[in-house]
Amino acid sequence: MELTKSAKGSISMIYKMYMDRQKSGVSKGVAARFESKERPNGISQDIPELKSAGLISTDVLGGIELKPQGIIYMENQTADTIKEWLSFFSKFIP
């Protein structure tokens, strides 16, 4: 699967938030859903690309859900790769 660097950073941030939620005891299903106000800052421009790739879904209120395909995609990345993507993503967040 080919994604832009920006989209890779966005999916990494979504996945990190998903994992953090699970670590705090939230169920997988709930941890994968983000209301519009809970979405990571700076991902808006990448939502269409991530949705088209099948990694997330969206709702009419602006919420997103990390789909199983997105979780699998991230689980198949090395920790160093994810850190690199997050580092790239953080350069663009105010």
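Every residue, every condition in (1) of a type in the set (Ser, Thr, Tyr); (2) over 12 Å from residue 70 (Cβ atoms); (3) free of Cβ contacts under 8 Å to residues at least 60 places away in the same chain, yes or no:
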site: 2; (1), (2), (3): no, yes, yes
site: 5; (1), (2), (3): no, yes, no
site: 10; (1), (2), (3): yes, no, no
site: 14; (1), (2), (3): no, no, yes
site: 25; (1), (2), (3): no, yes, yes
site: 29; (1), (2), (3): no, yes, yes
site: 32; (1), (2), (3): no, no, yes
site: 35; (1), (2), (3): no, yes, yes
site: 41; (1), (2), (3): no, yes, yes
Among the residues of the stretch 50-74 satisfying the criterion of being small (Gly, Ala, Ser) and farther than 19 Å from residue 27 by Cα, which is surrounded by the fewest Cβ atoms within 10 Å (Cβ to Cβ)? 52
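Of everything in the stretch 34-49 that's polar (S, T, N, Q) and closer than 19 Å to residue 87 by Cβ, which residue is surrounded by the most Cβ atoms within 10 Å (Cβ to Cβ)? Give the derivation first.
Just the residues of the stretch 34-49 that are polar (S, T, N, Q), to begin with: 36, 41, 44-45.
Those left that are additionally closer than 19 Å to residue 87 by Cβ: 41, 45.
On the way: 41: 9, 45: 12.
Per the stated criteria, the residue is 45.
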Out of everything in the stretch 1-33 that is closer than 11 Å to residue 85 by Cα and of a type in the set (S, T, N, Q), what residue ends up being modelled with the lowest pLDDT? 6
All-but-one check, residue 65 against (1) in contact with a Ser or Thr (Cβ under 9 Å, 6 or more places away or on another chain); (2) modelled with pLDDT under 95, failing number (2)
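Residues being in contact (Cβ under 8 Å) with a residue 12 or more places away in the chain, of a type in the set (D, E, K, R) and not in a strand (DSSP E or B): count how many of those fall in the stretch 53-68.
Initially, the stretch 53-68 is screened for residues in contact (Cβ under 8 Å) with a residue 12 or more places away in the chain, giving 53-56, 61-67.
After this cut, where a residue has to be of a type in the set (D, E, K, R) as well, the list is 65, 67.
From what's left, not in a strand (DSSP E or B): 67.
Residues meeting the conditions: 1.
The values are calculated or read from the model by the stated rules, or taken from the named source; none is laboratory data. All values reported here derive from a predicted model rather than from experimental measurement. Neighbour counts are summed over all protein chains in view; Cβ atoms, including those assigned to glycine, are modelled from backbone coordinates with ideal geometry.
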